1. Can you tell me which residue is nearest to residue 213 (Cα to Cα) among those in the stretch 157-173 that are out of contact with any helix residue (DSSP H, G or I) (no Cβ under 8 Å at 6 or more places or on another chain) and not in a helix (DSSP H, G or I)?
2. Could you run through the stretch 167-198 and say how many residues are out of contact with any Pro (no Cβ under 9 Å at 6 or more places or on another chain) and closer than 23 Å to residue 59 by Cα?
3. Which members of the stretch 169-214 meet the condition of being surrounded by fewer than 16 Cβ atoms within 10 Å (Cβ to Cβ) and hydroxyl-bearing (Ser, Thr, Tyr)?
4. Considering only the stretch 50-77, how many residues are polar (S, T, N, Q) and without any contact (Cβ under 8 Å) to a residue 60 or more places away in the chain?
5. Could you check the stretch 177-214 and list, in sequence order, the residues that are touching a residue at least 24 places away in the same chain (Cβ under 8 Å), small (Gly, Ala, Ser) and under 22 Å from residue 150 (Cα atoms)?
6. For the stretch 155-170, name all the residues that are among the β-branched types (Val, Ile, Thr) and out of contact with any Phe, Trp or Tyr (no Cβ under 7 Å at 6 or more places or on another chain).
7. Tell me the residue from 134, 105, 183, 117 that is within 15 Å of the chain's Cα centre (by Cα), under 22 Å from residue 75 (Cβ atoms) and part of a loop (DSSP other than H, G, I, E, B), please.
8. What are the residues in the stretch 132-148 that are in contact (Cβ under 8 Å) with a residue 24 or more places away in the chain and farther than 30 Å from residue 65 by Cβ, if any?
Amino acid sequence: MSSSQAIRRGFSLVEVMIVLVIFGVLVAIAMPGFQGWVRSAKLRSFAESFQTAIQTARAEAINRNAYVELVLTDSTVVGADPTTRNALAVNASITGTAWLIRECPDCSNISTAGVGPYPFIQGKVLAEGGSNNPPQLNASASLIRFDGLGRANATFNLIVADTAAAATPASCTLAGTGPITDPARVCVVLDRGGGARMCLPDAPATNPSSCARS
């Protein structure tokens, strides 16, 4: 009888409390690292969206055999005027978290801006709705222009970071000193030929993800 009772014996309240305390300690230790990893994933996703925008603008320029511009902006991007198909006026900004792709029919060359109208191609708002800590972006220029051969008007880079102070575009051309910690900064780099890639500005030159590597 005593052996049967021993088999059916459950955990005592003290034992359950000890397990909960240990679990709570482990969660408290792991939580900061996990939150940093999640934040890094969001920053990378944010950077990938801009890389996709660059690739889309370049592809549109090639397909149309025309000058196409990618504009970074903090203005509301809602499309085009349905009566004229003209891209809505936006204020270009190197810290803009939205982008607009438009054609520039009156651009005389890749280095000269037009005066409009600008046929709208597409646009997207990337800021995280309702977020108290959206990713911070800083770019070397607020506008990129591509020609019909897919060439860019200039080299270009932007950095996505957790804070405005950490978002320095110049870092996208240098080797970092490491270590790479979460949340990790991410760069998008564009060369004059139109090739875009992502890199980690904190990665040392020996790291395959270093911004110093071509």
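1. Filtering the stretch 157-173 for residues that are out of contact with any helix residue (DSSP H, G or I) (no Cβ under 8 Å at 6 or more places or on another chain) and not in a helix (DSSP H, G or I), the one nearest to residue 213 (Cα to Cα) comes out as 168.
2. 11
3. Listed by number, the residues that qualify are 173, 177, 181, 206, 214.
4. Residues of the stretch 50-77 that are polar (S, T, N, Q), as a first pass: 51-52, 55-56, 63, 65, 73, 75-76.
Right, trim to without any contact (Cβ under 8 Å) to a residue 60 or more places away in the chain and you get 52, 63, 75-76.
Residues meeting the conditions: 4.
5. Within the stretch 177-214, 193, 194, 196 qualify.
6. Initial filter on the stretch 155-170 (among the β-branched types (Val, Ile, Thr)): 155, 159-160, 163, 168.
Within the stretch 155-170, 155, 159, 163, 168 qualify.
7. 134
8. Result: 133, 134, 135, 136, 137, 138.
The values are calculated or read from the model by the stated rules, or taken from the named source; none is laboratory data. Every value quoted in this text rests on a predicted model; they were computed, and no experiment measured them. Cβ atoms come from the backbone with ideal geometry, glycine included; neighbour counts cover every protein chain shown.
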